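Let me begin by presenting the structure, written as structure tokens, before commenting on it.
The values are calculated or read from the model by the stated rules, or taken from the named source; none is laboratory data. None of these values were measured; they are calculated from a predicted model. Positions of Cβ are generated from backbone atoms using ideal geometry, with glycine treated the same way; all protein chains shown enter the neighbour counts. SASA here: full protein model, heavy atoms, side chains in, ligands and nucleic acids out. Shrake-Rupley method; radii C 1.70, N 1.55, O 1.52, S 1.80 Å.
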Amino acid sequence: MRAAIVSPPTGVSDSTSTSTSIKHYYDETGLEPPKKAGDAIDQLNAFMAKQARMEWSPDNEDFKVYMMIRQGHVVFKRRSMALLYFYWTTISVGLLRTPTLPFLLGALVSTYAYMELYSAVLHIVLDNSAFIRIPGLDQPVFEFLAHHILPVEIAQRRFRDICGDLNVIVGVIFVINMLVFDMLKDGRVMCVVASGGAMAYLGQFAHRQAHMPPGKVNKFTGWLQEVGLLVSPTLHRAHHRTYDRGFAILGGWSEGVVTWLYREVVPSGWVWLWVFVAMTVGGLPGVVRSYLSVYDAVMDGCKQ
């Protein structure tokens, strides 16, 4: 059973249904909607600490999160903005190294499809409380479970703070691709890897927008949600109701396949963990090799 105070009624915990629901959610939690974009991390951590001081049954789904907070673990952290801006600069340079505009568009489409699936697998793994004591996964799992308790946190934190949450995983993926390829010298490889990084941050944007009050979502973003290029608030609300569907946080178009696999074919969390490890290590390098092979074959065919 999830904590009653921080799991408001349907349409409120989703933090995306109506402006009235958003206000009601803030009223119930005691948080104040930010008057302007700013650093809400201290406020959110204070709220989580207050919740942790309450009495919780070990049978409560959120018990592990609250126990970690009592032990001194901090949920929402300030990541290195210098490192984040370094990643963004590297990605920008990589995208500019494309040999042609069609090559860049193909790279973006290919990595978008990959990151859609990778985001779903990552979400399945980090939603699993059994992994909260695994070194390297402990903090991400801790944060994902806390997000279930307080889903509105992602709308309160600044976008750059949300992107900073990816500092470690983006660094790992960059290093892996530098070891596999001569990425800095090969502009085409760097362009595809950079496209993957851009899609990772687009996923953070999509997830955050799915939790935004409707009035805070601009028309273009709303259109992207409607056509399925960014995950829709409706689909993501479904995840926060049952936690057994709606794992993709980029576009959501993989929902049917991923949910079927999760419910019917691969119920073991440990199998999903190994899939996540395999995709982290070899996924993007595989996309790079596949895309370059297909692109070269198409270009050779056009020359004939």
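Run the reach check for residue 64 against aspartates and glutamates, Cα to Cα strictly under 14 Å, same-chain hits fewer than 8 apart removed. What comes back?
55, 127, 138, 143
By how many nm would the segment from residue 49 to residue 218 lengthen if fully extended, with 0.36 nm per residue of separation less the alpha-carbon distance? Show your work: numbers first, answer last.
Numbers: separation 169, 0.36 × 169 = 60.84 nm, distance 3.33 nm.
Answer, rounded to one decimal: 57.5 nm.
Could you provide, to the nearest whole Å², the per residue accessible area of the chain with probe 1.4 Å?
Values: 14450 Å² over 304 residues.
Using a 1.4 Å probe on heavy atoms only, each residue of the chain averages 48 Å².
Could you tell me the calculated FRET efficiency between residue 298 and residue 234, based on Cβ-Cβ distance and R0 = 35 angstrom, to the nearest 0.05? Don't jump to the answer; show the numbers that get you there.
Numbers: r = 37 Å, r/R0 = 1.05.
Taking R0 as 35 Å, the efficiency between residue 298 and residue 234 is 0.40.
Report, to the nearest 10°, how far helix 233-242 tilts away from the longest principal axis of the Cα atoms in the chain, using its own Cα long axis and a range of 0 to 90°.
The answer is roughly 60 degrees.
Report the full-extension gain for the segment residue 260 to residue 278: residue separation times 0.36 nm, less the Cα-Cα distance, to one decimal in nm. Mind dumping the intermediate values first?
On the way: separation 18, 0.36 × 18 = 6.48 nm, distance 2.04 nm.
Full-extension gain reported as 4.4 nm.
Report the per residue volume, in Å³, of the convex hull enclosing the C-alpha atoms of the chain.
Details: hull volume 43.7 nm³, N = 304.
Taking the convex hull of the Cα positions in the chain, it is 144 Å³ per residue.
What 222 nm value per residue comes from the helices of the chain, counting each DSSP H run with n ≥ 4 as -39,500 (n - 2.57) and dividing by all residues, nearest 500 deg cm²/dmol?
On the way: 14 runs with 193 residues, N = 304.
Mean residue ellipticity at 222 nm (helix-derived): -20500 deg cm²/dmol.
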